[in-house]
Amino acid sequence: MPKPGPGEALIRALYLSIDPYLRGRMAAPGGSSKSVEPGSIVVGGVAGQVIESNDPRLAQGDYVEGQLGWQEYAVASAKTLRKIDPKLAPLTTALYVLGVPGLAAYFGLLDICRPQPGETVLVSGAAGAVGSLVGQIAKIKRCRVIGIAGTDEKVEYLTSIGFESAFNYKTVPDYEGKLRGLAPNGIDVYFDNVGGPITDAAIARLNQRARVAVCGQISQYASEEPSMGPRWLGQLILKQARVEGFLVRQFSDRFEEAYRQLGNWLRDGKIRYRESVVDGIENAPKAIVGMLEGHNIGKQLVKVA
Ligand code: NAP
């Protein structure tokens, strides 16, 4: 059991967040300062409880969220931990609607894409943690929302939470033709979680002045060679479209605003969520493989204790 030093707290992990970026961190050991090296602690967000604190900001029994990695107990500097009030929302939402996926959906959709009422919004990776929130926020902004996901059950789930339409990219051979049918007037906003051929088709269906937020490229995270596809930059000229990548952390000075708004939508029932929870830290490797294979609906978590 580690001992907390001055300004630090000892945390018992309760839930561990399983995130796609980990695949990239594991891709090339030694390749980047951020790669997860064999023998090191695997990185990950954790929601847990304070066991012992040497800092006035935290007391024994408080709930917190922080980057504590795959471990049952961790010591961390109190200033790196976010205090959570589980009376306001269930603790797991600190890793989901009121955590990084919520922030990615909120800033990626509202700041990068600026959706207008009546516009058509397309979301890839739509039934996952970020995608399912993007679609619901787009509905709150009175857009027409189309989702793309990898199983029929996910397609059903998306329509049950308000998406106008959705399709299973594993059973539809012609994505562009499918999008032409579902959005005959084209796509105004594309929120990209996946990249690859799905994104190639989405770009081909963009409208004039369309906006694309590049949130993730999960279809590429395990590729060892760059994948080839249509060179679509020319289409951006004709459509005067904008493609912009982002990282949640670039909005860090506005996290409070996002937490407040997402919390209100959650409380008012405008945002619904589903979690996929695997029991036991020993099953975290299975959880990440399962998430990369698309077994999760909503956020993939591991219940540690
Ligand atoms: P998630 O969507 O809950 O889980 C990943 C999903 O990706 C799987 O359920 C699977 O669903 C789908 N997938 C896996 N391989 C795929 C492929 N080859 N083609 C298409 N879909 C595939 O994960 P998340 O945490 O919400 O993250 C979504 C994306 O956002 C990721 O790309 C992540 O890296 C990114 N992200 C970015 C930021 C940022 O700051 N920019 C922050 C958080 C997350 P299917 O069954 O549909 O295939």
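So here's what we get for this one:
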item	result
Within segment 120-145, tally of residues that are away from the ligand (no atom under 14 Å from the Cβ), within 18 Å of Ile203 (Cα to Cα) and surrounded by 24 or more Cβ atoms within 10 Å (Cβ to Cβ)	3
Residue check, Leu301 hydrophobic (A, V, I, L, M, F, W, C) and either open to solvent by 50 Å² or more (accessible area, probe 1.4 Å) or assigned to a helix (DSSP H, G or I) (or both)	no
Segment 260-298: number of residues that are farther than 17 Å from Asp19 by Cα and either within 11 Å of the ligand (Cβ to nearest atom) or open to solvent by 40 Å² or more (accessible area, probe 1.4 Å) (or both)	8
Residues of segment 182-199 that turn out to be outside any loop (DSSP other than H, G, I, E, B) and open to solvent by less than 40 Å² (accessible area, probe 1.4 Å), as a count	10
Filtered residue count, segment 96-111, keeping only those that are open to solvent by less than 10 Å² (accessible area, probe 1.4 Å) and more than 10 Å from the ligand (Cβ to nearest atom)	2
Residue within segment 37-59 that is within 16 Å of the ligand (Cβ to nearest atom) and open to solvent by 60 Å² or more (accessible area, probe 1.4 Å) present	no
Elements of type helices (runs of 4 or more DSSP H) contained in segment 86-166, each with 3 or more residues being at pLDDT 95 or above, of a type in the set (Asp, Glu) and over 19 Å from Val214 (Cα atoms)	152-160
Number of positions in segment 244-259 that are surrounded by 12 or more Cβ atoms within 10 Å (Cβ to Cβ), assigned to a helix (DSSP H, G or I) and within 11 Å of the ligand (Cβ to nearest atom)	2
Count - residues of segment 201-222 that are part of a strand (DSSP E or B), more than 9 Å from the ligand (Cβ to nearest atom) and closer than 19 Å to Ala105 by Cβ	3
In segment 82-93, residue surrounded by the most Cβ atoms within 10 Å (Cβ to Cβ) [restricted to those that are in contact (Cβ under 8 Å) with a residue 24 or more places away in the chain and more than 21 Å from Asn283 (Cβ to Cβ)]	Thr93
Filter result for Lys79 (surrounded by fewer than 24 Cβ atoms within 10 Å (Cβ to Cβ), more than 14 Å from the ligand (Cβ to nearest atom) and outside any loop (DSSP other than H, G, I, E, B))	yes
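The values are calculated or read from the model by the stated rules, or taken from the named source; none is laboratory data. Since this is a predicted model, take the numbers as computed values, not measurements. Every residue, glycine as well, gets a Cβ built from its backbone with ideal geometry; the counts of neighbours run over all protein chains shown. Heads up: the accessible areas ignore ligands, DNA and RNA and are worked out on the full protein's heavy atoms, side chains in. Shrake-Rupley method; radii C 1.70, N 1.55, O 1.52, S 1.80 Å.
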